[in-house]
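Student: Would you mind keeping the following structure in view while I ask a few things?
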Amino acid sequence: MYCGSCARDNALARQLLDLGHDVTLIPVYTPTRTDEPNVSRPQVLFGGISVYLQQYLRPFRFVPRFLDRLWDAPSVIGAFAGRMVSNDPKLLGELTLSMLQGESGVLKREFEKLLDWIRAEPLPDVINLPNSMLIALAEPLRREVRRPVVCTLQGEELFIEGLVEPYRTKALQFIRRKVSDVDQFLAVSDYCSRFMADYLRIPQSQISVVPLGINMDGYERHQPSTSSESPFRIGYFARIAPEKGLHVLAEAYVRFRRQGGPPATLEAAGYASPAHASYLDRIREILRRSGLEKEFTYHGVVDRNGKLAFLKSLDVLSVPATYDEPKGMFLLEAMACGVPVVQPRRGAFVEIVERTNGGLLVIPDDPDALADAFNRIRQSPQLAIALGESGFRSVREQYSIQVATSRLVNVYEAVLRPAMHG
């Protein structure tokens, strides 16, 4: 699927390259998939198939490395990703702990391969891990290259909380013990910074906020329809999964339609795993019971051009997540098209909406509140235009990839100063 975290990291790497910096972006577990030109290396460290085989089949911990290279090939991993190995955190407790045990765990040979790889690379000034689930890489990398290691925090708590006990508690203990191996953590929002400081026991001084940023190329202003015959289009753009709240949106849509008014449609796009096929059926059933199933369209996974066309077609976007989301990239993408958003007052949604004034905030997990907000926007074209204009302008001022990259470079320079003078 298109991964939001991968897209963010790839966009930052592209911008750093454009600024003349030397950047190596290397995937872990699986090749990355983004909807922009991908600047990651055509190789994978800790290949998902290798890691899985070593975890659950002991003989594979001792096979010759040339065999590892066979199933570490991105084409092989890509062919089997999503078919053989589940990424459900409930099923991956043992593997998670093995990764966090680092060089002392059953995946010791993968850490040896990592160090052999970096010895053959130009010496980096700084290493940036993509999330705290990979924190066990920090100490061996820092020991090997004697350079600062930073770690991004961008929503991994959802995976950790999905682990069954005792794996969840043990995973948290492992990560907390390794916090001191990282020179600086990078949070993607103020909310993320506050939450993870408490969740992972990180000193607040050890966390810097590097906000989300998007490449604005292709994002054009949505033009609201002035025809009373045109349907009011409510959109959803995220993974099709219970925690993202499409069922809440479906319930809100039913209530919204009961309030009467001109035609409307509910449009959804995003990756739906085979495991969530029944969840998508549940959404259709919610609408079918109210006779609204023909007003719902699921557009599936869309590429960049499809995403831009989809967003520009909407009158409002809402992803009423049922947990405290630390990111909210979909909000920035909608507002970059001048589309107002309606979001629950939780997580990073609050700071994004309040800073941009590009939407409305409502009570979490409340379909009636969502429906009322949709009705406010539908009944007041002036409000819709004002929210859309503010979001369109503010996202470019505060959440462009240029702004995010500038903040990132500042953090890198700050962690490098002690190393250069040490």
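Student: Are there helices (runs of 4 or more DSSP H) fully within the range 151-229 with at least 1 residues that are more than 21 Å from the chain's Cα centre (by Cα) and not assigned by TED's automatic domain parsing to the domain that holds residue 389? List them. Full working, then the answer.
Tutor: Working: elements: 157-162, 167-177, 190-199.
Because the criterion is at least 1 residues that are more than 21 Å from the chain's Cα centre (by Cα) and not assigned by TED's automatic domain parsing to the domain that holds residue 389, the helices (runs of 4 or more DSSP H) in the range 151-229 that meet it are 167-177.
Student: So, residue 206, is that one free of Cβ contacts under 8 Å to residues at least 40 places away in the same chain and in contact with a helix residue (DSSP H, G or I) (Cβ under 9 Å, 6 or more places away or on another chain) or not? I'd like the intermediate steps shown before the answer.
Tutor: Details: free of Cβ contacts under 8 Å to residues at least 40 places away in the same chain: yes; in contact with a helix residue (DSSP H, G or I) (Cβ under 9 Å, 6 or more places away or on another chain): yes.
Against the criterion (free of Cβ contacts under 8 Å to residues at least 40 places away in the same chain and in contact with a helix residue (DSSP H, G or I) (Cβ under 9 Å, 6 or more places away or on another chain)), residue 206 qualifies.
Student: I would also like to ask the following. Kindly indicate which of 175, 234 is under 30 Å from residue 393 (Cα atoms) and among the β-branched types (Val, Ile, Thr).
Tutor: On the way: 175 fails: under 30 Å from residue 393 (Cα atoms).
Residue meeting the stated conditions: 234.
Student: Could I ask something else about it? So residue 275 ticks every box in (1) of a type in the set (A, V, I, L, M); (2) surrounded by fewer than 17 Cβ atoms within 10 Å (Cβ to Cβ); (3) modelled with pLDDT of 95 or more but one. Which box is left unticked?
Tutor: Tallying (1) of a type in the set (A, V, I, L, M); (2) surrounded by fewer than 17 Cβ atoms within 10 Å (Cβ to Cβ); (3) modelled with pLDDT of 95 or more, residue 275 fails exactly one: (3).
Student: Inspect all residues belonging to the range 225-248 and state whether any of them is surrounded by fewer than 20 Cβ atoms within 10 Å (Cβ to Cβ) and closer than 21 Å to residue 126 by Cα.
Tutor: Taking every residue of the range 225-248 in turn, none turns out to be surrounded by fewer than 20 Cβ atoms within 10 Å (Cβ to Cβ) and closer than 21 Å to residue 126 by Cα.
Student: Test residue 127 against the stated conditions and say whether it is among the β-branched types (Val, Ile, Thr), touching a helix residue (DSSP H, G or I) at 6+ places or on another chain (Cβ under 7 Å), within 30 Å of residue 22 (Cβ to Cβ) and modelled with pLDDT of 95 or more. Working first, answer last.
Tutor: Details: among the β-branched types (Val, Ile, Thr): yes; touching a helix residue (DSSP H, G or I) at 6+ places or on another chain (Cβ under 7 Å): yes; within 30 Å of residue 22 (Cβ to Cβ): yes; modelled with pLDDT of 95 or more: yes.
Yes.
Student: Follow-up question, since we're still on this one. Inspect all residues belonging to the range 153-174 and state whether any of them is at pLDDT 95 or above, crowded, with 22+ Cβ neighbours inside 10 Å and closer than 20 Å to residue 349 by Cβ.
Tutor: Within the range 153-174 (the criterion being at pLDDT 95 or above, crowded, with 22+ Cβ neighbours inside 10 Å and closer than 20 Å to residue 349 by Cβ), the answer is yes, since at least one residue qualifies.
Student: OK, next. Filter the range 275-301 for residues that are acidic (Asp, Glu) and closer than 14 Å to residue 264 by Cα and give the result. Talk me through it step by step, then tell me what you get.
Tutor: Quick first cut of the range 275-301, residues acidic (Asp, Glu) only: 281, 285, 293, 295.
Within the range 275-301, 293, 295 qualify.
Student: Next question, about the same structure. State the number of residues belonging to the range 330-359 that are out of contact with any helix residue (DSSP H, G or I) (no Cβ under 7 Å at 6 or more places or on another chain), surrounded by fewer than 24 Cβ atoms within 10 Å (Cβ to Cβ) and not in a helix (DSSP H, G or I).
Tutor: The qualifying residues number 2.
Student: Oh, and also: From the residues in the range 15-30 that are more than 18 Å from the chain's Cα centre (by Cα) and not in a loop (DSSP other than H, G, I, E, B), which one is farthest from residue 128 (Cα to Cα)? Talk me through it step by step, then tell me what you get.
Tutor: At the first step, the residues of the range 15-30 found to be more than 18 Å from the chain's Cα centre (by Cα) are 15-24.
Filter again for not in a loop (DSSP other than H, G, I, E, B), leaving 15-18.
Details: 15: 15, 16: 13, 17: 15, 18: 18 Å.
Among them, the one singled out is 18.
Student: Only one of (1) touching a Gly at 6+ places or on another chain (Cβ under 9 Å); (2) surrounded by fewer than 19 Cβ atoms within 10 Å (Cβ to Cβ); (3) polar (S, T, N, Q) fails for residue 380. Which number is that?
Tutor: Result: residue 380 passes all but (1).
Student: Can you give me the number of residues within the range 312-329 that are in contact with a His (Cβ under 8 Å, 6 or more places away or on another chain) and not in a loop (DSSP other than H, G, I, E, B)?
Tutor: Counting residues in the range 312-329 that are in contact with a His (Cβ under 8 Å, 6 or more places away or on another chain) and not in a loop (DSSP other than H, G, I, E, B) gives 1.
Yes/no per residue for (1) at pLDDT 95 or above; (2) under 23 Å from the mean Cα position of the chain (by Cα):
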position: 373; (1), (2): yes, no
position: 381; (1), (2): no, no
position: 390; (1), (2): yes, no
position: 396; (1), (2): yes, yes
position: 419; (1), (2): no, no
position: 422; (1), (2): no, no
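Student: So for the range 285-305 (the condition being outside any helix (DSSP H, G or I) and touching a His at 6+ places or on another chain (Cβ under 8 Å)), does at least one residue qualify?
Tutor: Within the range 285-305, none of the residues are outside any helix (DSSP H, G or I) and touching a His at 6+ places or on another chain (Cβ under 8 Å).
The values are calculated or read from the model by the stated rules, or taken from the named source; none is laboratory data. Predicted model, so just to flag it, every value in this text is computed and none were measured. Heads up, the Cβs are rebuilt from the backbone with ideal geometry, glycines too, and the neighbour counts pull from every protein chain shown.
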